[in-house]
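As structure tokens, the structure follows; a few thoughts come after it.
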Amino acid sequence: MTKKLVTQAIMQCNEQGNKAFVPYIMAGDGGLQTLKKTILFLQEAGATAIEVGIPFSDPVADGDVIQQAGERALAEGITLRKIMKELASFREEVKIPLVIMTYLNPVLSYGLQSIAADCEASGVYGLIVPDLPLEESGLLKEALKNSDVALIQLVSLTSPAERIEAIAKAAEGFIYAVTVNGITGVRSSFTEGLEGHLERLKAASSVPVLAGFGISTPEHVRTLGGLADGVIVGSAIVTALHEGDYEKVRTLINASKNQLTNS
Amino acid sequence: MTTETKGRYGKFGGQFVPETLMTALQELETAYEEAQQDPAFSKELDYYLKEFVGRETPLFFAERLTKHAGGAKIYLKREDLNHTGAHKINNSLGQALLAIRMGKKKIVAETGAGQHGVATATACALLGLECVVFMGKEDIRRQELNVFRMELLGTNVVSVDKGSGTLKDAVNEALRYWVSNVEDTHYILGSALGPHPFPQIVRDFQRVIGDETRKQIVEHEGRLPDAVVACIGGGSNAIGMFHPFVDDQDVKLYGVEAAGSGISTGKHAAAIAGKQEGVLHGAYMYVLQDDDGFIQEAHSISAGLDYPAVGPEHCHLADIKRVQYDSVTDQQALEAVQVLSRVEGIIPALESAHAVYYAVQLAKEMKEDELLVICLSGRGDKDMQTVRDALGGQSV
């Protein structure tokens, strides 16, 4: 029970001179049967890990692109239970760690008793819960205690220094550094203070720091990847997959490769 | 569900929000604590409540409604007489003054019936703040004139067509807007909902209802009431009314949820009756949801009660059985609108009509020397089109 599988995957990637690239997908966008194909494609294309989004009725941290993908998935009748079961069915073929991103209520409804064991059985080694700040994380952390599943915390640009320290101290898997004040979605520019923010975060953290929110072009991947240990790309991947533009996905992933690590 | 955090009411409440908002919530908590200690703050709020809102509102002995029910003596706490027509202005003004204290010049709010939106737009016009209000598309249709009122007051009303296009979706959108503009914007949440410290702040700004009622009933009758009835959507008028009575065990408290087409039809907004716990909009509460934890749409003829959860303090009061929560259907509320209009010359909001219907039934079972207070949270002008349509255009 190490909770380190995601951490190790990122560090290994960094050691090879690459930045970690974690694509976000909306599970069930296009139907549950596409999940396997999408995950195996991303694995083959060079993803370090995959963030599997669970659709929710009230996704307050998400912008239009992911909201719409979620609505498409909800229309297909996709639920956390169905996704767990589906992931378990092709678990042997997935060699990179999966991370589930879900709002808290579906997890509570799923049941805290069974979440850890079911995650492990499905190859899921991390949970990202955007409406679960550090102060409220105790219960879920307890549920994941004796498992390999890391509870991944987010840090925002608005988090003050002492808060960043506290989150970094409790961090498992990696730290998800939110790079904008806002919700998920494509943006053209980032704030000027971001570089210093990510540097401080990396200094405070014993686990890797991945930058996410608003990263949508190969340039973003290179720039923000260069400031962190890797990137998470959501809306741009969701859009490309929805449109069947697999080349765009490859271009984004390739932008994370062969970057000199600055650690 | 237990955690160690502040802002808990029993197991309910908490701060289930994106990390980006945590700092803003902590700032708000600190600013609010400071404001509570500052006599100048309450002096300023009291000034506006008296001179601008028109407080205190009367506690009116409803003699003909009492006869109609044939039981307890019924009093009406006339929150409908507040400027802008409902209790919502008590909270909007308080929070707008708090925003100014925090140096925030912009306000975002959600609205269901439009009453909170109008109240917030009004407070912002009065105090020179910029205001954007998110409102569900379906609610905009139901409350067209309130949209115009907000616009006239200089507020930017944004239609939300996601989800069911009602209050829950408007809150989602207001939260997204707040996350994106948190540095210069304060979110004036309109009900006793959301992450800590909102349920506490909203309750404190609304408790003027209960404080006045307590004083007034003693003036009228020389004693406290036997029963107090209020409607519950998120629960702001009810918590404001109940809170000063919670320690008086002899005062029975009744919260009335919206049963919509009937609890058994599944088309209702009675989250406490639903008994399922969960997290929505930053708090652990009773929430209408399906087996997979997806939040369900609420259904009520009254836009202000059309919300799939109930504020955390009410959930706790239900759990410890200090308040009895029941529900009233659309049809029953419509009946009460007509009754109160005819016997007292007061057209209540559809929300408040839920409390009126319940109170009349309750009064029948009480003795003639017992006292019952109804929180008449708002007036019915905004609902005339809805009521007329529901009554099939027939003359009543």
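The values are calculated or read from the model by the stated rules, or taken from the named source; none is laboratory data. Just so it is clear, the model here is predicted, and its values are computed rather than measured. FYI the Cβ positions are ideal-geometry reconstructions off the backbone, even for glycines, and counts take in every protein chain you see.
Residue check: A:E219 meets all listed conditions (1) within 23 Å of A:N254 (Cβ to Cβ); (2) away from every other protein chain (no Cβ under 11 Å); (3) touching a strand residue (DSSP E or B) at 6+ places or on another chain (Cβ under 8 Å) but one, namely (3).
Consider B:D80 carefully, then state whether it is over 20 Å from the mean Cα position of the chain (by Cα), among the charged types (D, E, K, R) and away from chain A (no Cβ under 12 Å). Spelling it out, it is not the case that B:D80 is over 20 Å from the mean Cα position of the chain (by Cα), among the charged types (D, E, K, R) and away from chain A (no Cβ under 12 Å).
Whether any residue in the range B:53-66 is among the polar types (S, T, N, Q), within 14 Å of chain A (Cβ to nearest Cβ), in contact (Cβ under 8 Å) with a residue 24 or more places away in the chain and in a helix (DSSP H, G or I) is what I want to check. Within the range B:53-66 (the criterion being among the polar types (S, T, N, Q), within 14 Å of chain A (Cβ to nearest Cβ), in contact (Cβ under 8 Å) with a residue 24 or more places away in the chain and in a helix (DSSP H, G or I)), the answer is no, since none of the residues qualifies. Checking every residue in the range A:242-254 against the condition of being touching a residue at least 40 places away in the same chain (Cβ under 8 Å) and either acidic (D, E) or closer than 25 Å to B:V179 by Cα (or both) gives zero matches. Close contacts from the range B:270-281, counting a first residue that is farther than 15 Å from B:R8 by Cα and within 13 Å of chain A (Cβ to nearest Cβ) and a second that is among the polar types (S, T, N, Q) and crowded, with 21+ Cβ neighbours inside 10 Å, with Cβ to Cβ under 6 Å and a gap of 6+ residues or different chains, come to B:Q276/B:Q289. Considering the conditions (1) over 22 Å from A:L127 (Cβ atoms); (2) more than 18 Å from the chain's Cα centre (by Cα); (3) among the hydrophobic types (A, V, I, L, M, F, W, C), A:V221 is excluded by exactly one of them, (2). Taking A:A27, is it closer than 19 Å to B:D290 by Cβ, at pLDDT 95 or above and buried (at least 23 other Cβ atoms within 10 Å of the Cβ)? Yes; evaluated as a whole, the condition is true for this residue. Inspection of the range B:19-36 identifies at least one residue that is modelled with pLDDT of 95 or more, closer than 28 Å to B:T213 by Cα and more than 24 Å from the chain's Cα centre (by Cα). Looking at the range A:31-105, the helices (runs of 4 or more DSSP H) lying wholly inside it that each contain 2 or more residues that are within 14 Å of another protein chain (Cβ to nearest Cβ) sit at A:64-75, A:80-89.
So that you can scan it fast, the table gives a plain yes or no per residue for (1) of a type outside the set (A, V, I, L, M, F, W, C); (2) in contact with a helix residue (DSSP H, G or I) (Cβ under 6 Å, 6 or more places away or on another chain):
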| residue | (1), (2) |
| --- | --- |
| B:G13 | yes, yes |
| B:T20 | yes, yes |
| B:Y32 | yes, yes |
| B:P39 | yes, no |
| B:L45 | no, yes |
| B:Y48 | yes, yes |
| B:E56 | yes, yes |
| B:K73 | yes, yes |
| B:R78 | yes, no |
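A count restricted to the range B:122-157 and to residues that are more than 14 Å from chain A (Cβ to nearest Cβ), within 21 Å of A:D64 (Cβ to Cβ) and not acidic (D, E) stands at 7. Here B:L153, B:L145 are screened, and the one residue that is of a type outside the set (K, R), touching a Cys at 6+ places or on another chain (Cβ under 8 Å) and more than 30 Å from B:Q289 (Cα to Cα) is B:L153. Report whether or not A:I175 is within 14 Å of chain B (Cβ to nearest Cβ) and more than 30 Å from B:V287 (Cα to Cα). Spelling it out, A:I175 is indeed within 14 Å of chain B (Cβ to nearest Cβ) and more than 30 Å from B:V287 (Cα to Cα). Scanning the range B:199-211 for residues that are touching a Leu at 6+ places or on another chain (Cβ under 9 Å) and over 17 Å from B:Y286 (Cβ atoms), we see that the one that is surrounded by the most Cβ atoms within 10 Å (Cβ to Cβ) is B:V202.
Does B:Q15 meet the test of being closer than 25 Å to B:T185 by Cβ and either more than 13 Å from chain A (Cβ to nearest Cβ) or not in a helix (DSSP H, G or I) (or both)? Against the criterion (closer than 25 Å to B:T185 by Cβ and either more than 13 Å from chain A (Cβ to nearest Cβ) or not in a helix (DSSP H, G or I) (or both)), B:Q15 qualifies.
Please verify whether the range B:303-325 includes one or more residues that are surrounded by fewer than 24 Cβ atoms within 10 Å (Cβ to Cβ) and under 30 Å from B:R388 (Cα atoms). Within the range B:303-325 (the criterion being surrounded by fewer than 24 Cβ atoms within 10 Å (Cβ to Cβ) and under 30 Å from B:R388 (Cα atoms)), the answer is yes, since at least one residue qualifies. Would you check if there is a residue in the range B:119-140 being in contact with a helix residue (DSSP H, G or I) (Cβ under 6 Å, 6 or more places away or on another chain), in a loop (DSSP other than H, G, I, E, B) and touching a residue at least 40 places away in the same chain (Cβ under 8 Å)? Checking the range B:119-140: not a single residue is in contact with a helix residue (DSSP H, G or I) (Cβ under 6 Å, 6 or more places away or on another chain), in a loop (DSSP other than H, G, I, E, B) and touching a residue at least 40 places away in the same chain (Cβ under 8 Å). Note on the range A:128-150: residues that are surrounded by 24 or more Cβ atoms within 10 Å (Cβ to Cβ) and away from chain B (no Cβ under 13 Å) amount to 2. Residues that are within 14 Å of chain A (Cβ to nearest Cβ), part of a loop (DSSP other than H, G, I, E, B), without any contact (Cβ under 8 Å) to a residue 60 or more places away in the chain and more than 23 Å from B:D139 (Cβ to Cβ): does the range B:292-300 have at least one? Yes, there is a match, as at least one residue in the range B:292-300 is within 14 Å of chain A (Cβ to nearest Cβ), part of a loop (DSSP other than H, G, I, E, B), without any contact (Cβ under 8 Å) to a residue 60 or more places away in the chain and more than 23 Å from B:D139 (Cβ to Cβ).
Restrict the check to the range B:169-180 and report whether at least one residue is surrounded by fewer than 24 Cβ atoms within 10 Å (Cβ to Cβ), of a type in the set (A, V, I, L, M, F, W, C) and away from chain A (no Cβ under 11 Å). Looking through the range B:169-180, none of the residues is surrounded by fewer than 24 Cβ atoms within 10 Å (Cβ to Cβ), of a type in the set (A, V, I, L, M, F, W, C) and away from chain A (no Cβ under 11 Å). The set of residues from the range A:122-153 being under 20 Å from A:E86 (Cβ atoms) and touching a Gly at 6+ places or on another chain (Cβ under 7 Å) comprises A:G126, A:V149.
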